[in-house]
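Each reported figure results from applying straightforward, stated rules to the coordinates on display, with no laboratory input. Keep in mind it's a predicted model, so treat the numbers as computed, not measured. All Cβ positions, even for glycine, are placed from backbone atoms using ideal geometry, and neighbour counts span all protein chains on display.
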Amino acid sequence: MTRSSTQDDTTRDWSAVAAICREVESGLATLVTQIMDDIRRDQPAAYVNVSRAEHEAWIHEQAVLLLAGLAARRPPTATETDHARALGRRRAQQGLPVEVVLGAYHRAYQYTWNALAARARPDEPEQTSLVLELVDLTLIWLRRNTSAFADGHAEAARSRDEIRIGLGHQFLDALYAGRATAEETEMLARALGFDPDGLFQAICCPAPPAAPEYLDHLRRRLRDNGGAECAMVRGRVLVVVSQGLPEQRVIQALDGLDGQPTAGLGLPRPGLVGAAESVIDAERALGVAQGAPAGEVVRFSSSWLLATLSPQLDRLRPLLDSGRATEQAHLCEAVRAYAGHGFSITASAEALHVHPNTVKYRLDRWQHLTGWDPRTLDGLQRSLLSIALAERQRGEQSAYAVDGKDPDR
């Protein structure tokens with residue numbers, strides 16, 4: 001609000017306004033409790049890591065600084081904005097979202113301003129006018145302190161994320177290196193928010209092209225769902241280890257800008273040894289998923305045999321020679337559909353959108369070319385493994401064509 005042009009500021013009596021500020025400060029105990037209760041009532045989960053004593057002390061100090069600044073009709077000093085910046089770092093370390101605390105800032109300032117305005121005497125228009133002129137100054141305090149707070153919060157959040165990423169890499173390195181039972185691995189797990197004795201579940205998918213941006217997005221989505229997570233890219237694979245998160249929530253979180261990726265899901269397993277085993281489950285299930293339709297999630301729980309034998313495919317090659325049968329995609333699809341739909345010709349036909357006689361013909365044709373009857377246990381196992389071996393070879397050749405790297409080196 002603009003001052004009256006008929007009166008010079010030095011001739012106006014601001015002592016009454018300063019007295020009102022002191023009056024509000026003398027009653028801060030009650031006001032601060034009201035502010036704190038209101039904030040915590042609206043955001044109970046956000047402030048679980050902030051004690052009431054700490055929260056109350058911060059609100060009280062901010063109100064005292066604001067009232068002192070208004071009484072002296074000055075903006076916040078560098079020291080006062082540094083205090084707001086330090087609070088931003090503190091709240092980031094405590095895990096509070098920046099928007100939650102910025103909302104609390106606005107609420108605290110609103111309460112304090114309302115207390116000031118309520119004490120202006122309506123029978124003294126000059127006093128009321130002077131108090132109202134403090135609106136602009138109050139907004140300056142709010143703008144500068146919230147800006148400093150946001151800077152401090154962002155600074156600490158970046159530092160926290162960098163530390164967490166480093167811990168995540170160390171944690172996965174320990175699991176891959178067989179150090180699940182080491183004391184330092186347990187410490188890493190706790191630092192990442194895991195219960196070392198709890199259930200762990202891993203999921204793997206091909207590494208996204210824009211890994212840093214995707215990973216930031218993925219980690220935020222997982223944190224928003226609660227639980228604990230560690231999401232890292234290792235080579236060409238994105239590995240996510242989670243705890244306390246329903247598997248469907250993790251699968252949904254993987255759905256990025258390019259749609260749901262093909263993935264392998266490990267078994268939920270207890271303890272850090274179980275975490276390492278679930279990662280192996282997920283990687284081997286991903287190997288099976290590479291031949292599945294795009295976006296499909298292959299669960300180790302249902303594809304454990306093929307996933308477990310996949311690393312042995314080269315050794316089993318003499319038993320899995322199908323000639324050129326695996327080059328005929330429609331025959332491979334029929335074998336897979338038959339295996340995946342209860343060994344039912346009718347259900348397989350429905351899944352492939354063809355006539356049952358077509359499925360029967362394709363299975364017969366497969367048997368003729370390979371010598372394996374997919375309607376028998378041995379024939380079906382050989383058939384599925386042979387298809388998986390062929391798909392892996394095609395995948396390796398494709399990767400070599402793209403980056404020029406020999407997959408055997």
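Below, the figures for the structure above:
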{"item": "Along principal axes, Cα extents of region 32-191, largest first, whole Å", "result": "79, 30, 19"}
{"item": "Packing-based ranking, highest mean first, of 116-123, 246-253 given that Cβ atoms within 10 Å are counted", "result": "246-253, 116-123"}
{"item": "Nitroxide proxy distance, nm - points 7 Å out along Cα→Cβ at E183 and S301", "result": "3.7"}
{"item": "³J(HN,Hα) computed for each position of region 80-86 - Karplus, 6.51 cos²θ - 1.76 cosθ + 1.60, integer Hz, glycine/proline x", "result": "6, 6, 5, 4, 5, 5, 5"}
{"item": "Percentage of interatomic Cα-Cα distances in region 78-137 larger than 20 Å", "result": "46"}
{"item": "Neighbour cut-off at most 12 other Cβ (10 Å), DSSP loop, trypsin sites (Lys or Arg not before Pro), region 313-356", "result": "R315, R324"}
{"item": "Surrounding net charge for A157, when Lys and Arg each add one and Asp and Glu each subtract one, Cβ distance under 14 Å", "result": "+4"}
{"item": "Helical mean residue ellipticity (222 nm; -39500 (n - 2.57) per DSSP H run of 4+; nearest 500) of the chain", "result": "-21000 deg cm²/dmol"}
{"item": "Peptides 211-223, 299-311 ordered by average Cβ neighbours within 10 Å, highest first", "result": "299-311, 211-223"}
{"item": "Estimated FRET transfer efficiency (V64, R190; beta-carbon r; R0 35 Å; 0.05)", "result": "0.35"}
{"item": "Extension gain (nm, one decimal) between D123 and Q93, 0.36 nm per residue minus Cα-Cα", "result": "5.9 nm"}
{"item": "Region 177-312: radius of gyration over Cα atoms, expressed as a fraction of 2.2 N^0.38 Å", "result": "0.99"}
{"item": "R0 of 51 Å, Cβ-Cβ distance D82-A294: FRET efficiency to nearest 0.05", "result": "0.45"}
{"item": "For Cα extents along the principal axes in Å, calculated from these coordinates, the label among (1) 63, 45, 43; (2) 58, 45, 38; (3) 107, 50, 40", "result": "(3)"}
{"item": "Label-point separation in nm, L132 to E23, each point 7 Å along Cα→Cβ", "result": "1.8"}
